[in-house]
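Novice: Would you mind keeping the following structure in view while I ask a few things?
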Amino acid sequence: MTPDILFNVIIKNRSAVVNSRDVAKVFHKRHKNVLQNIDRLKNDWSNFTGLKNQPSTLNPKLSPVDLETLSRVNKMKFDECFIPASYITKDGRTVRSYDMNRDGFTLLTMGFNGRNALAFKLAYISRFNDMEQELTKRRTLYDLEKRLRKQLTDSIQRYYDGDNLGREILQLTNLLYIAAAGHNASKLKRDRGFAKDVSAFAEVLTSDEREAYIDTENKLISLYTSGVNSYQELKDRLIKHSA
């Protein structure tokens, strides 16, 4: 759990999630007991989805609206609410855990009681709201950058007069990451715990960093198309401007 964030909802694989270990710590429960609760939910889920073709057996007095609601619920998948994860213990063992989206967290904590339980639940809900707003902003910026990326690539292809176009594009892309977030893409992924093969822009950068990246990318396109294509000069102008 991140030391300075108690209610640690994070963005992972483009979803807002909280890990079962963090929930166990906040609600003062043993993690193995939280896992047992999730296992019971998984079993109940299997039993419930077995009724998907006969929801009226749950209650013969269900209205058409209720039946339609149950039909939608049946489309939810356990593995989308509770995503299998793992962590390494101090003695080197790999131990299972779960990343939970808002629905998974809600299902798990429905039965959590105690003096602070309600306050903790509300705090988590607030954090989920924050992260989902952040996700919406990230998606909008991602769509914008995709269009801008093509413009940058086209500009480099048009004005680059060297003999290694791929290296030029990679070097300038990393310059954008340095200007926006302080490090190149590889270091950002490594430092923030992301796999090497993920897109740094799509998965790693925050919305504020994406805005800085896009702002710098616009400036880079303008400079490059005006004849400024020396890497050092571009770096001096873009890093100085972003500082």
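Here, each number is a calculation from the coordinates, and none is a lab measurement. Remember, predicted model here, so these are calculated numbers, not experimental data. Note: ideal-geometry Cβ built from the backbone for every residue, glycine included; neighbour counts use all protein chains shown.
Novice: Run down the lysines and flag those whose C-alpha is under 20 Å from the C-alpha of residue 187, throwing out any fewer than 8 positions away in its chain.
Specialist: 12, 196, 235
Novice: Counting Lys and Arg as +1 and Asp and Glu as -1, what is the net charge of the other residues whose Cβ lies under 13 Å from the Cβ of residue 144?
Specialist: Surrounding charge for residue 144 is +3.
Novice: Which aspartates and glutamates have a Cα lying under 18 Å from the Cα of residue 90, excluding residues fewer than 8 positions away in the same chain?
Specialist: Counting by Cα, and skipping residues close in sequence, residue 90 has these aspartates and glutamates nearby: 22.
Novice: At 7 Å along the Cα-to-beta-carbon direction for both residue 202 and residue 119, put a label point, then send me their distance in nm to one decimal.
Specialist: 4.2
Novice: To continue, here is another question. So, with +1 on the Cβ of K and R and -1 on the Cβ of D and E, and no other charges, what is the size of the charge dipole of the stretch 132-242 about its Cα centre, to the nearest 20 debye?
Specialist: In debye, rounded to 20, the stretch 132-242 gives about 120.
Novice: Need one number for the stretch 132-242: average projected area of the convex hull over its C-alpha atoms, nm².
Specialist: 6.8
Novice: Based on alpha-carbon atoms only, what is the radius of gyration of the chain relative to the globular estimate 2.2 N^0.38 Å? Don't skip to the end; give the middle numbers.
Specialist: On the way: Rg = 23.7 Å, N = 243, 2.2 N^0.38 = 17.7 Å.
Ratio of Cα Rg to 2.2 N^0.38 Å: 1.34.
Novice: Next question. Among 151, 140, 225, which residue has its Cα furthest toward the positive end of the charge dipole of the stretch 132-242, with +1 on Lys/Arg Cβ and -1 on Asp/Glu Cβ?
Specialist: 140
Novice: Could you work out how much longer the chain between residue 30 and residue 47 gets when fully extended? Use 0.36 nm per residue separation minus the Cα distance between them, nm to one decimal.
Specialist: Taking 0.36 nm per residue and subtracting the Cα distance, the gain is 3.5 nm.
Novice: Please list, or write none, the lysines whose alpha carbon is within less than 18 Å of the alpha carbon of residue 75, excluding same-chain residues fewer than 8 places away.
Specialist: Of all the lysines, those that pass the test against residue 75 - Cα under 18 Å, at least 8 places apart if same chain - are 42, 52.
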